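*Asks:* The structure follows.
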Amino acid sequence: MNTPTPSAWRHWQLERQPDGLAWLTLDRAGSSVNALSADVMAELAGVLDALQADPPAGLVIRSGKAAGFIAGADVDEFAQLATPQQAQALVERGWHLLNRLAAVSYPTLALIRGHCLGGGLELALACRYRLAIDEPGTSLALPEVMLGIFPGWGGMRRLPALIGAPAALDMMLTGRPANARRAAALGLVDARVPSRLADAAARQHVGSGKPPRRARGVAGWLNRWPLKLLVARRAHRQIAAKDPQGHYPAAPAIVTLWARHDGNALRAPEVVQRILTSDTARNLLRVFRLQERLKANGKPATGMAPVGRVHVVGAGTMGGDIAAWCALKGMTVTLQDQDAARIAPAIGRAADLYARKLKDRRVARAAADRLIPDPDGAGVALADVVIEAITEQVEAKQALYRALQPRMKTGALLATNTSSLSLATLRNGLAQPGQLIGIHFFNPVARMPLVEVVQAGPDELGAQARACAFVGQLGKLPLPVRDAPGFLVNAVLAPYLLEAMRCVDEGLAPETIDRAMTDFGMPMGPLELADTVGLDIAMAAGRQLAAQAEPPRCLADRIARDELGRKTGRGFYTWQDGKARKNTAGTPPPGLAQRLVQPLVDRTRQQVDDGVVADADLADAGVVFGTGFAPFTGGPLHYYATASPSAVHPGAAAAPDNP
């Protein structure tokens, strides 16, 4: 690796202070975020050369970006891996450089503000000390498994040694982030410090002479032979239970590399090459980029003010949960319904949400205080966004809009959460039709990342862009769609669910049908999903999207018996405590999964052809994040385009149930 001299450094700034400390700031040129690209790492090697020639009393590494510490490796470089040799070289580069950082003679400290992810956390782990600045955006994680790869630059060795094998494996196998509070509790950082004291704390800590942290007690012993083999066996069993078909090979590879190779992937080159050049890694990287594209839709245009106040009309499941989420994200929210008694259950659900999501009681209390019951609708006049989430009846919604519009402040957005009604129809008769936009959340609001932002006709007021920015402010993924029956997600789900129900009519057990799709890689089967959504809603969507065709007999019979799924306790399954009780599933017949997937793929393509969504990539993004379509496939259209002919045609001989 060529190592640039200080005069040629573009990304790193080194400042030596009179007390002997050196402060090294990463501010990657030409980028809003720091990533450990090849040129950034080559310069770091040059920095270490300079410091080796003239060692400081201590080194503090920090970020010059407002966005955070280091977002990880450069994902574009992963996308360009074409040969096993390139994959091996990429791992070697990071492994050797961070080992060199870990071996320097002077104390080192990573001062972490904002996101510290992947290779960024591996760099921090190579330092002797770590401090996390205690701010809401601070987040430490090794999320490589979510891209179908592994933390190969030392994370698999250093993280278990620091916090113990169980906690480290949990972080590596889930990609779950730790905020500053949790990172300190785990021992991942030496301390969390307020922003105003960060530099002083870093200066004091790096010169403290304290020994570096190590996992102790049982957590430390579990890193040792032969106990680590017992931990590994348990982890492999848990992985197999969650992914019995082995769709995501990176997770078991992480366990094997830690248990048998001390976290050094270079000792297992066959694993490096198999994982980093796999179709799964390529497809998960594709899904990551699709997610980034959706996130970009949520960035406000220059000069666009953030939303501070929201008013929600309708305190049912959807309206109440939308209001709760807006308050969680820092907005002042007024929630309106016919009386306080109708609002009370939503307030109770919100309190449960805040207790789960916000571990600090004071922060949870502040969120609860931002959610204000408002039976009389006084908050309409103050709101930047007014969201309607009442019953799916055109006349009721239109009457509400006519009452709301004169009371709204100039420039406010009027949004509907409708999942099935035409936006063009809802706009009829409004004094300012262009003010109404569709912002379609999915249930459960707190868990579903996608939000469809629906536009009907010309967008003269820029409502769709403003609504997308609002959705981005909520931490959700906005998908712009054109007004059409079912928009994108419900439109593609309807034929998929109906095909599954036709299979029930043909005599297949619901458990067998659902098993075919969970084996394929779906988070739940279509019939369990239909029960979860509600069979009455599935019936209405099916009629709307299937040209009023006769519904499957099994669906009509259950609705006639008022068996509507989870909400009534019985549908295709019996429900107890929110969970479906199932009989043992039979072995799905060959080709069943492909038969069920085909209508979904066909409808996705139709929605692209009809201009409901801008292009095939956005359609794949919407279906993956809106339905949970198996991410390792890269999305339904990508799957159809890249899978073998025998895999995508349900009648083909010996058609497999996975791509």
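The values are calculated or read from the model by the stated rules, or taken from the named source; none is laboratory data. The model shown is predicted, which means the values in this text are computed figures rather than measured ones. With ideal geometry, Cβ positions are generated from the backbone for all residues, glycine too; neighbour counts draw on all protein chains shown. These accessible areas exclude ligands, DNA and RNA; they are computed on the full protein's heavy atoms, side chains included. Shrake-Rupley method; radii C 1.70, N 1.55, O 1.52, S 1.80 Å.
*Asks:* For the range 563-572, which positions are in a loop (DSSP other than H, G, I, E, B) and free of Cβ contacts under 8 Å to residues at least 12 places away in the same chain?
*Replies:* G569
*Asks:* Answer yes or no: is there a residue in the range 229-242 that is over 31 Å from the mean Cα position of the chain (by Cα), part of a helix (DSSP H, G or I) and either at pLDDT 95 or above or over 27 Å from R181 (Cβ atoms) (or both).
*Replies:* yes
*Asks:* With respect to L24, determine if the residue is at pLDDT 95 or above, open to solvent by 40 Å² or more (accessible area, probe 1.4 Å) and either on the phi > 0 side of the Ramachandran plot or in a strand (DSSP E or B) (or both).
*Replies:* Taking the combined requirement at face value, the residue does not satisfy it.
*Asks:* Next question. Can you tell me which residues in the range 485-525 are over 30 Å from Q455 (Cα atoms), open to solvent by less than 30 Å² (accessible area, probe 1.4 Å) and not hydrophobic (A, V, I, L, M, F, W, C)?
*Replies:* Selection gives P510, E511, T512, D514, D519, G521, G525.
*Asks:* Looking only at the range 456-476, which residues are touching a Lys or Arg at 6+ places or on another chain (Cβ under 7 Å) and either modelled with pLDDT under 95 or at positive phi (or both)?
*Replies:* A456, G475
*Asks:* Just checking: which of the helices (runs of 4 or more DSSP H) contained wholly in the range 367-484 hold 1 or more residues that are more than 23 Å from A315 (Cα to Cα), charged (D, E, K, R) and open to solvent by 20 Å² or more (accessible area, probe 1.4 Å)?
*Replies:* 463-473
*Asks:* Shifting gears a bit: G534 - would you say it is small (G, A, S), under 29 Å from the mean Cα position of the chain (by Cα) and closer than 15 Å to V623 by Cα? Walk me through it before giving the result.
*Replies:* On the way: small (G, A, S): yes; under 29 Å from the mean Cα position of the chain (by Cα): yes; closer than 15 Å to V623 by Cα: no.
So G534 does not fit the description; no.
A quick yes/no check of all residues on (1) crowded, with 19+ Cβ neighbours inside 10 Å; (2) in a helix (DSSP H, G or I):
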position	(1), (2)
A281	yes, yes
L284	yes, yes
L290	yes, yes
M304	no, no
V307	yes, no
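*Asks:* Just one of (1) within 24 Å of R286 (Cα to Cα); (2) hydrophobic (A, V, I, L, M, F, W, C); (3) more than 26 Å from the chain's Cα centre (by Cα) trips up A29, so point out which.
*Replies:* (1)
*Asks:* Being modelled with pLDDT under 95 and in a helix (DSSP H, G or I) is the requirement here; does R274 meet it?
*Replies:* When the stated conditions are applied, R274 passes them.
*Asks:* Still on this structure, I have one more. Output the number of the condition that K210 fails; it satisfies all remaining conditions of (1) surrounded by 14 or more Cβ atoms within 10 Å (Cβ to Cβ); (2) part of a loop (DSSP other than H, G, I, E, B); (3) of a type in the set (K, R).
*Replies:* Checking K210 against (1) surrounded by 14 or more Cβ atoms within 10 Å (Cβ to Cβ); (2) part of a loop (DSSP other than H, G, I, E, B); (3) of a type in the set (K, R), the one that fails is (1).
*Asks:* Right, next: Return the pairs, sorted by first residue and then second, in which the second residue is in a helix (DSSP H, G or I) and of a type in the set (D, E, K, R), the first residue lies in the range 246-263 and is without any contact (Cβ under 8 Å) to a residue 12 or more places away in the chain, the beta carbons are less than 8 Å apart, and the residues are 6+ apart or on different chains.
*Replies:* H261/R267
*Asks:* Is one or more of the residues making up the range 132-147 under 20 Å from A265 (Cα atoms), over 20 Å from the mean Cα position of the chain (by Cα) and either surrounded by fewer than 24 Cβ atoms within 10 Å (Cβ to Cβ) or not small (G, A, S) (or both)? Write out each step before concluding.
*Replies:* Of the range 132-147, the ones under 20 Å from A265 (Cα atoms) are 141-147.
Remaining after also requiring over 20 Å from the mean Cα position of the chain (by Cα): none.
No, the range 132-147 contains no residue that is under 20 Å from A265 (Cα atoms), over 20 Å from the mean Cα position of the chain (by Cα) and either surrounded by fewer than 24 Cβ atoms within 10 Å (Cβ to Cβ) or not small (G, A, S) (or both).
*Asks:* Does the range 199-245 hold any residues that are free of Cβ contacts under 8 Å to residues at least 60 places away in the same chain and of a type in the set (V, I, T), and which are they?
*Replies:* V218
*Asks:* Keeping to the range 370-395, report how many residues are charged (D, E, K, R) and on the phi > 0 side of the Ramachandran plot.
*Replies:* So the count comes out to 0.
*Asks:* A further question follows. Looking only at the range 509-562, count every residue that is free of Cβ contacts under 8 Å to residues at least 60 places away in the same chain and in a loop (DSSP other than H, G, I, E, B) and tell me the total.
*Replies:* Number satisfying all stated conditions: 11.
*Asks:* For the range 195-203, does any single residue satisfy the condition of being open to solvent by less than 50 Å² (accessible area, probe 1.4 Å), more than 19 Å from H115 (Cβ to Cβ), in contact with a strand residue (DSSP E or B) (Cβ under 8 Å, 6 or more places away or on another chain) and of a type in the set (G, A, S)?
*Replies:* Yes, that holds for at least one residue.
*Asks:* Would you mind telling me which numbered condition in (1) touching a residue at least 60 places away in the same chain (Cβ under 8 Å); (2) over 29 Å from the mean Cα position of the chain (by Cα) L353 fails?
*Replies:* Checking L353 against (1) touching a residue at least 60 places away in the same chain (Cβ under 8 Å); (2) over 29 Å from the mean Cα position of the chain (by Cα), the one that fails is (2).
*Asks:* Let me ask something additional. Out of P151, P166, P160, report the one residue that is open to solvent by 10 Å² or more (accessible area, probe 1.4 Å), touching a Leu at 6+ places or on another chain (Cβ under 9 Å) and not β-branched (V, I, T).
*Replies:* P166
*Asks:* Determine if the range 90-97 includes at least one residue that is buried (at least 24 other Cβ atoms within 10 Å of the Cβ), closer than 22 Å to V189 by Cα and not basic (K, R).
*Replies:* No, because not a single residue in the range 90-97 is buried (at least 24 other Cβ atoms within 10 Å of the Cβ), closer than 22 Å to V189 by Cα and not basic (K, R).
*Asks:* Then there's this: Is it the case, given these coordinates, that L493 is touching a helix residue (DSSP H, G or I) at 6+ places or on another chain (Cβ under 8 Å), under 26 Å from G320 (Cα atoms) and modelled with pLDDT of 95 or more?
*Replies:* So L493 does not fit the description; no.
*Asks:* Follow-up. Does G114 count as surrounded by 15 or more Cβ atoms within 10 Å (Cβ to Cβ) and in contact with a Ser or Thr (Cβ under 8 Å, 6 or more places away or on another chain)?
*Replies:* yes
*Asks:* Residue check, L173 against (1) over 26 Å from T256 (Cβ atoms); (2) touching a residue at least 40 places away in the same chain (Cβ under 8 Å); (3) open to solvent by 30 Å² or more (accessible area, probe 1.4 Å); (4) among the hydrophobic types (A, V, I, L, M, F, W, C), all met but one. Which one?
*Replies:* Condition (1) is where L173 drops out.
*Asks:* Looking only at helices (runs of 4 or more DSSP H) that lie completely in the range 573-645, which have at least 3 residues being open to solvent by 40 Å² or more (accessible area, probe 1.4 Å) and within 15 Å of A491 (Cβ to Cβ)? Working first, answer last.
*Replies:* Details: elements: 592-609, 616-627, 636-642.
Helices (runs of 4 or more DSSP H) meeting the threshold: 592-609.
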